[in-house]
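Data block below; observations after.
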Amino acid sequence: MDYQQERIDLAAAFRWAVRLNFHEAVANHFSLAVNADGSQFLMNPNQRHFSLIRASDLLLLDANDPTTMQLPGAPDPTAWGLHGAIHRHCRHASCVMHCHSVYATVLASLHNSELLPIDQTTAAFYQRYIIDHQFGGLAFEAEGERCATLLSDPKVKVMIMGNHGLLVLGDNVADTFNRLYYFERAAKTYILALQTGQPLRTLANPIAAKVAQEMETYPEQAARHFSDLKAILDRDEADYKK
């Protein structure tokens, strides 16, 4: 296979999204750039359940090819609209993961979708996300282009897609999946805390900023986390590599 290791890593992310209940039927999509300017990328095939995706199933697409949706085996049109636009305009977005995980989507559905720093995990995202307040429908090409314009700052790696779901960027699959995992955990903690109806114990801004910086630079966490996730798949679902 071309880009074999990249395919294996991305396939592993799909399988773990199922295990963690981040998937939604045959919707949602992850992508990974494979060239220097990010315009060529791997992405899941059209409406395939994440639990069935193998490394060889992944599509190799060119964000600058306007004929993509007319080609045999074309991707899901909303996946192309969103990921194609991001890989075309946001060179820093090497890996892009979009899903409707439960707690992040609940957060995206609130009138105030801010994630307050109430513990170490929520604080990890302090001043490191943006909220899209202008949901315009399914992410066909025009909506995808609009979303891409919100991601021009390389420091912004999480977008809470108001009335929609979650979008996470990263340097590679391990980095991105680790961020996706922890954001959903953070959203869960926050939503459950809100449900108690009690006042929140919110961290002071300097402490939240300190925690966010410490978590961002924590040595090897993403790589080690994802390596162990792949080891579990190697034991239980080794066909993901095929």
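Values in this text are rule-based calculations from the coordinates and carry no lab data. Because the structure is predicted, anything quoted here is derived from the model rather than measured. Neighbour counts are summed over all protein chains in view; Cβ atoms, including those assigned to glycine, are modelled from backbone coordinates with ideal geometry.
The table below lists the values:
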read-out	value
Full-stretch length increase - ALA74, ILE232 - with 0.36 nm per residue and alpha-carbon distance subtracted	53.7 nm
Global size of the range 1-127 as Cα Rg and Dmax, reported in angstrom	15.7, 49
Compactness relative to 2.2 N^0.38 Å, alpha carbon Rg of the range 149-242	1.32
Net +/- balance of residues flanking PHE22 in space, Cβ distance below 13 Å, scoring K and R +1, D and E -1	+3
Across LYS157/LYS241; LYS188/LYS210; LYS210/LYS241, pairs whose alpha-carbon gap is larger than 30 Å	LYS210/LYS241
Per-pair calculated FRET efficiency, R0 = 30 Å: ALA27 and HIS225 via Cβ, rounded to 0.05	0.75
Relative compactness, the range 197-242, computed as alpha-carbon Rg over 2.2 N^0.38 Å	1.90
Mean Cβ count within 10 Å, highest first, over the residues of peptides 52-60, 192-200	52-60, 192-200
Global form of the range 184-223, assessed from the alpha-carbon gyration tensor, a/c cut-off 1.5	oblate
Nearest 10 degrees, 0 to 90: helix 173-195 Cα axis against the chain principal axis	40
Anchor LYS242: lysines whose Cα lies under 29 Å away (excluding residues fewer than 8 positions away in-chain)	LYS230
√(5λ) per eigenvalue of the Cα gyration tensor, the range 43-118, largest first, Å	28, 16, 12
SER109-ASP57 FRET efficiency (beta carbon distance; Förster radius 45 Å; 0.05 resolution)	0.90
Percent antiparallel among DSSP beta bridges (both partners in the chain, rounded to 5)	85
Given charges at beta-carbon only (K, R positive; D, E negative), |dipole| of the chain in Debye	500
Cα convex hull of the chain, projected area averaged across orientations, nm²	12.9
Three semi-axes of the equivalent ellipsoid, the range 91-223, Cα gyration tensor, whole Å, largest first	23, 19, 12
